[in-house]
Amino acid sequence: MERTKNLPYFPLKFLREGVIILGSTFLLAVLLLILLQHNAIFEMENDKKGRAASTAAYKIPLSLGAGFSCSLPNLREECSISVGPPHPADPLKRPFFTVKLMKSGAVQRLSLPCRIYLFYAEDEKLMFANGHAPFFVDFALLPSGEVEAKVSVEGFAAMQEQTYVLKPQESPLQALDELPAVMRTVVEGRWLGRDLFAEKYGTTLRPAERIEWGNGEILSLQEGEYWVWDQEKWKKNGAIDQNALLIRMERIRDRTLVLEGWDAEHHYRFAMPQPLPIPAKIRPEEFLTSIRVRSEKQMSCTLDKQCLILKAGDWVLKSEGKWRILRRPEEKEALQCGKLSGEIFVFDGIESKSNQKTVHGHLFNVQRSQCLPVDLAVHSMKTHRHKTRQK
């Protein structure tokens, strides 16, 4: 009998070990079931919290009354709008539209008509929703130029709506980082102002504002004219199609040049401040000395210690530190076109009155944005030189 109990498959021993194994398996199964139920409850709680957070993200803090009515926010106090002109190549295209939320400062640029979805954040600031939301506004342009805004909240027994008629404000000025790269090259340039030399002595009939950009290239902007970006260059009144990138001068206000531009998708407004003028450091009597009238239309003089004989109407250009007279037509044309640059002195002529001779001319700086009238009586120059020698 003792020998039988030591057998590996003794029935009683087999039964005992089987019961132990089955009992252990049952306990493990119970523990596993408890863990699974706990995880399921935890996931359900998280799911509820997630749905609650999602609902809260689009929750509108509006007071609900009987019959599920609600008090909608006053859109005039919540946002400002502006309408930009369509692309010049397609004037019938939907106008560009900008919405700015007053409290949050968020901005969206769209085309009219359009719909925007909104929600209130926890700090009660109105924000743009990334997707569909129960609170939305439909905008449409009216024939009067005003914009109709219909505010709606869905999800109630009856959808709540309220309509406003809004007057668009002036389109906001874009910051540098909001502009296309090509337009940034213009803003990063230098506003030179008007070409005073061309206006006085050239063939320019209308004033133009000049911008130096890139490698010293000049844009001469006149009212009503477009500059089109074509083949890596700005071209004046170039071919315009619906995808063309172009700019034009809008106006000058408070020493600021306001420009507007278009690409295929947007309308832009941006500004350039005018540099403060540098006061002339030289006086006419110091610039033009040793005057001697040789005839009614000719004089000898010294410009910056350089002796010259000038005739009435002469243009004198300072290049590489020296003054030279431009008398050939092609030289004058090159100066007018900006192919030649430097300080310019124009000898207008000699005036005789009551036995007094006066020399007249104009001195322009390199940018031609400043003009210094030169009106010197010949005898005063002699007196000035005499007093200088006495000192």
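The values are calculated or read from the model by the stated rules, or taken from the named source; none is laboratory data. Computed from a predicted structure; not experimentally measured. For neighbour counting, all protein chains shown are included, and Cβ atoms are generated from backbone atoms with ideal geometry for every residue, glycine included.
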message: Any residue at all in segment 209-218 that's outside any strand (DSSP E or B), crowded, with 18+ Cβ neighbours inside 10 Å, at pLDDT below 90 and in the same structural domain as ARG248 (by TED's automatic domain parsing)?
response: no
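Matching residues to (1) closer than 30 Å to ARG248 by Cα; (2) at pLDDT below 65:
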position	(1), (2)
THR25	no, no
LEU28	no, no
ILE41	no, yes
ALA53	no, yes
PRO61	no, yes
GLY65	no, yes
CYS70	no, yes
LEU92	yes, no
LEU112	yes, no
- line: Condition set touching a strand residue (DSSP E or B) at 6+ places or on another chain (Cβ under 7 Å) and outside any loop (DSSP other than H, G, I, E, B), scope segment 189-199, selection surrounded by the most Cβ atoms within 10 Å (Cβ to Cβ): answer is TRP191
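Residue by residue through segment 304-314, note down the ones that are in contact with a Phe, Trp or Tyr (Cβ under 9 Å, 6 or more places away or on another chain) and over 16 Å from ILE350 (Cβ atoms).
Step one: of segment 304-314, the residues in contact with a Phe, Trp or Tyr (Cβ under 9 Å, 6 or more places away or on another chain) are 304, 306, 308, 310-314.
If the condition is that a residue be in contact with a Phe, Trp or Tyr (Cβ under 9 Å, 6 or more places away or on another chain) and over 16 Å from ILE350 (Cβ atoms), then ASP304, GLN306 are the ones that fit.
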- prompt: On the given criteria, is LEU205 closer than 27 Å to VAL316 by Cβ, assigned by TED's automatic domain parsing to the domain that holds ALA264 and either surrounded by 19 or more Cβ atoms within 10 Å (Cβ to Cβ) or at pLDDT 90 or above (or both)?
  reply: no
message: Of all residues being more than 16 Å from GLU331 (Cβ to Cβ) and among the β-branched types (Val, Ile, Thr) in segment 301-316, which is farthest from the chain's Cα centre (by Cα)? Just the residue, please.
response: ILE309
message: Regarding segment 186-197, can at least one residue be identified that is in contact with a Ser or Thr (Cβ under 9 Å, 6 or more places away or on another chain) and farther than 28 Å from GLU170 by Cα?
response: yes
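Can you confirm whether segment 177-188 contains a residue that is farther than 30 Å from PRO273 by Cα and exposed (fewer than 11 other Cβ atoms within 10 Å of the Cβ)?
Residues of segment 177-188 that are farther than 30 Å from PRO273 by Cα, as a first pass: none.
No, every residue in segment 177-188 fails to be farther than 30 Å from PRO273 by Cα and exposed (fewer than 11 other Cβ atoms within 10 Å of the Cβ).
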task: Name every residue in segment 253-292 that is crowded, with 16+ Cβ neighbours inside 10 Å, among the β-branched types (Val, Ile, Thr) and either assigned to a helix (DSSP H, G or I) or in the same structural domain as PRO207 (by TED's automatic domain parsing) (or both), in order of residue number.
output: VAL258
